[in-house]
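Q: Quick one: the structure is below, questions incoming.
No value in this document is a laboratory result; all are computed from the given coordinates. This is a predicted model, so every value here is computed, not measured. Ideal geometry is used to build each Cβ from the backbone, glycine not excepted, and the neighbour counts take in all protein chains shown.
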Amino acid sequence: MPLLEEEALKLSEVQRLEGHTDRVWGLAWNPATGADGVPAILASCSGDKTVRIWQQRSPSSISFDCKAVLEEKHDRTVRSCGWSPSGKQLATASFDATTAIWEEHGSDFECVSTLEGHENEVKSVSWDASGSLLATCSRDKCVWIWEVLPGNEFDCVSVLTGHTQDVKMVQWHPTVDVLFSCSYDNTIKVWAEDGDTDDWRCVQTLSESNSGHTSTVWALSFNVTGDKMVTCSDDLTIKVWGVDIIRLQSGDINASWCHLCTMPGYHDRTIFSVHWSREGIIATGAADDAIRLFGESEDHSADGPSYKLLLKKEKAHAMDINSVQWSPTGSMLLASASDDGTIKIWKLESMQ
Amino acid sequence: MTLGLINANPIVREKKERITRPDLQFLFSVYTNLLVRSINIVRDIRDPEHPYSLEQLSVLSEESITVDEKLGRILITFTPTIQHCSMATVIGLCLRVKLKDCFPPHFKVDIKVAPGSHADEEAVNKQLNDKERIVAAMENPNLRQLVDECLYSSEL
């Protein structure tokens, strides 16, 4: 749906998903669903130590039912979840220091593997674009990269050190095998495999000195082409970064990211989540219970792209919002997860 | 956990009279009710190291809590007994647990050490207000036990 600059938008609440008995921390849309007649599937994870799988009732309805509850596996909060690109496996990261891998067998989900190694709480998990690599990060300051092998074997190929504090999130680039992590140490680190040594190493650190954040960076998200990234922070700003995508995709691991734009003044509490839709809309979820949407503004200054606030949904939830995730299928659906224990599905529409 | 007490000789004050004015309560604004209730709730939290309440050790006083009822924000400022107090995190956790169900769910609680009262003020304040770290800490059985002892031990 092409969005025009001056078009008025509205975000309508479609459904409220209840069931979790503690705060909902993370969400993940199954990338193999929601189009071509396949009902959309959404996973959610919670402080109640479970993961819930929600399925659209039918491809034409926007009603979700809880299809499964993945329980009795994690001993503590499940902080993050992510589907493999094929949609066949779900990885769940927990404060119990493990990451579990689940597969659907008939009408049930079964845990087919448990990844251990982190010294304490695992905060985030991410699959690369090909589904052959998995990354996890933890309060132990490390980022682990795992290789996905046949028979549900997961081998650790690298333990990346460098962050000086708790690592909050890891995210693979959408098209190349470059890994990004963000941390309580206020930085974002870029990790790539050195072609000569086959070792993974930190190729760039985005810190305060390169116009980076001045407090904990909670999340990052890429635009659909992967030439831009948006990050959000406890410093109450979101920042957009860019890279020479031709260079990056040609295999140059030193293609560096530079700061393009900072958006201060829109948020007055910690921004926990940011997600860039395929259509170019940036959604944020914050500790003031509001969802905000930003889009590129037509104001072309000499300094590069700029972004403007398209919409602010106050009191989107009764408490802090921990995660916002656009559905990957162009249906303009946005899911949000909150400390209030609920998930909401929203539809973005123009008012005309 | 350190073996010796960090502050072996704290200054101890008299306990103050409880604030109870039931006949005037209905005249109080929501602000004053919340303020009074929360002060009464936290003043008796036991210091992690000593058998005295946070109020007796001047860690907390009536000036410690400010409430913005319109925005739904609460700020609690406390003074650790000495500059290098590593118990600040535990005190912060105690305050959050004790106040957890006192305010409407949309209220936001921020906890800070009083300006100038701690050598690592910025670092301590950051940790006191990182929600994810707080939740993980409270899931840690050892830390949880320490907090429970501070909250539920009887008054002296």
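Q: Give me, ordered by chain and number, the residues 5 or more places off A:Gly341 or on other chains with an amide H under 5 Å from its own placed amide H.
A: Counting only residues 5 or more places away or on other chains, the set is A:Val24.
Q: Can you run phi through the Karplus equation (6.51, -1.76, 1.60; θ = phi - 60°) for the range A:111-118 and list ³J(HN,Hα) in whole Hz, with x for Gly and Pro?
A: Couplings: 7, 9, 6, 10, 9, 10, x, 4 Hz.
Q: Continuing with this model, one more query. Count the net charge of all other residues whose Cβ sits under 9 Å from the Cβ of A:Ser215, scoring Lys and Arg as +1 and Asp and Glu as -1.
A: Summing Lys and Arg as +1 and Asp and Glu as -1 gives -1.
Q: Highest GNM mean-square fluctuation, chain A, Cα pairs closer than 10 Å: which of A:Ser44, A:Ser211, A:Ser323?
A: Fluctuation is largest for A:Ser211.
Q: Within a Cβ distance under 11 Å of A:Ile291, other residues only, what is the Lys/Arg minus Asp/Glu net charge?
A: +1
Q: Also, quick follow-up: Take the Cβ-Cβ distance between A:Leu309 and A:His105 as r, set R0 to 30 Å, and report the resulting FRET efficiency rounded to the nearest 0.05.
A: 0.10
Q: Checking the cross-link filter: which lysines have an alpha carbon closer than 16 Å to that of A:Lys88, excluding same-chain neighbours under 8 positions apart?
A: A:Lys67
Q: Along each of the three principal axes of the Cα atoms of the protein assembly as shown, give the extent in whole Å, ordering the values from largest to smallest.
A: Principal-axis extents of the protein assembly as shown (Cα, largest first): 71, 56, 56 Å.
Q: Projecting each Cα onto the charge dipole of the protein assembly as shown (Lys/Arg +1, Asp/Glu -1 at the beta carbon, about the Cα centre), which of A:Gly242, A:Ser63, A:Leu160 comes out farthest on the positive side?
A: The Cα lying farthest towards the positive end belongs to A:Ser63.
Q: Related question: Mind checking B:125-131 for the average number of partner chain beta-carbons within 10 Å of each residue's beta-carbon?
A: Mean inter-chain Cβ contacts per residue within 10 Å come to 4.
Q: Can you tell me the dipole magnitude for the protein assembly as shown around its Cα centre, using point charges on the Cβ only (Lys, Arg +1; Asp, Glu -1), in Debye to the nearest 20?
A: About 1440 debye.
Q: Under a GNM of chain A (C-alpha, springs under 10 Å), which listed residue has the highest mean-square fluctuation: A:Val170, A:Val274, A:Val178?
A: Maximum fluctuation in the GNM of chain A, among the listed residues, is at A:Val178.
Q: Quick check: the distance between the Cα centres of the range A:183-259 and the range A:104-159, to the nearest angstrom?
A: What the calculation gives is 22 Å, centre to centre.
Q: May I pose another question? Considering amide H positions built from the backbone, and no H for Pro or chain starts, which residues 5 or more places from A:Ala286, or on another chain, come under 5 Å of its amide H?
A: Those lying under 5 Å, H to H, from A:Ala286 are A:Phe272, A:Ile321.
Q: On average, how many beta carbons from a partner chain sit within 10 Å of the beta carbon of a residue in A:209-221?
A: 1
Q: Report for the protein assembly as shown the percent antiparallel among DSSP-assigned beta bridges with both residues inside it, nearest 5.
A: 95
Q: Let me ask something else about it. Can you give me the distance in nm between label points at B:Cys102 and A:Ile246, each placed 7 Å from the Cα along the Cα-to-Cβ direction?
A: Going from the B:Cys102 label point to the A:Ile246 one covers 6.2 nm.
Q: Considering the dipole of the protein assembly as shown built from charges on the beta carbon (Lys and Arg +1, Asp and Glu -1) around the Cα centre, which of B:Pro104, A:Pro174, A:Val190 is farthest to its positive end?
A: Value: B:Pro104.
Q: If each DSSP helix of 4+ residues adds -39,500 (n - 2.57) and the sum is divided by the residues in chain A, what number results at 222 nm, nearest 500 deg cm²/dmol?
A: Dividing the helical sum by the residues of chain A leaves -500 deg cm²/dmol.
Q: Given charges of +1 on the Cβ of Lys and Arg and -1 on the Cβ of Asp and Glu, with all other atoms neutral, how large is the dipole of the range A:74-204 about its Cα centre, in debye to the nearest 20?
A: That gives a dipole near 600 debye.
Q: Quick check: net charge around A:Pro85, other residues with Cβ under 14 Å of its Cβ, Lys/Arg +1 and Asp/Glu -1?
A: That sum, taken over residues with Cβ under 14 Å, equals -1.
Q: Here's something else I'd like to know. Between A:Cys156 and A:Asp199, how many nm apart are label points set 7 Å from Cα along the C-beta direction?
A: 1.7
Q: Within 10 Å of each Cβ of B:138-148, how many other protein chain Cβ atoms are there on average?
A: 1
Q: Hey, which lysines would be in cross-link range of A:Lys347, C-alpha to C-alpha under 21 Å, not counting anything within fewer than 8 residues on its own chain?
A: Filter leaves A:Lys10, A:Lys308, A:Lys312, A:Lys313, A:Lys315.
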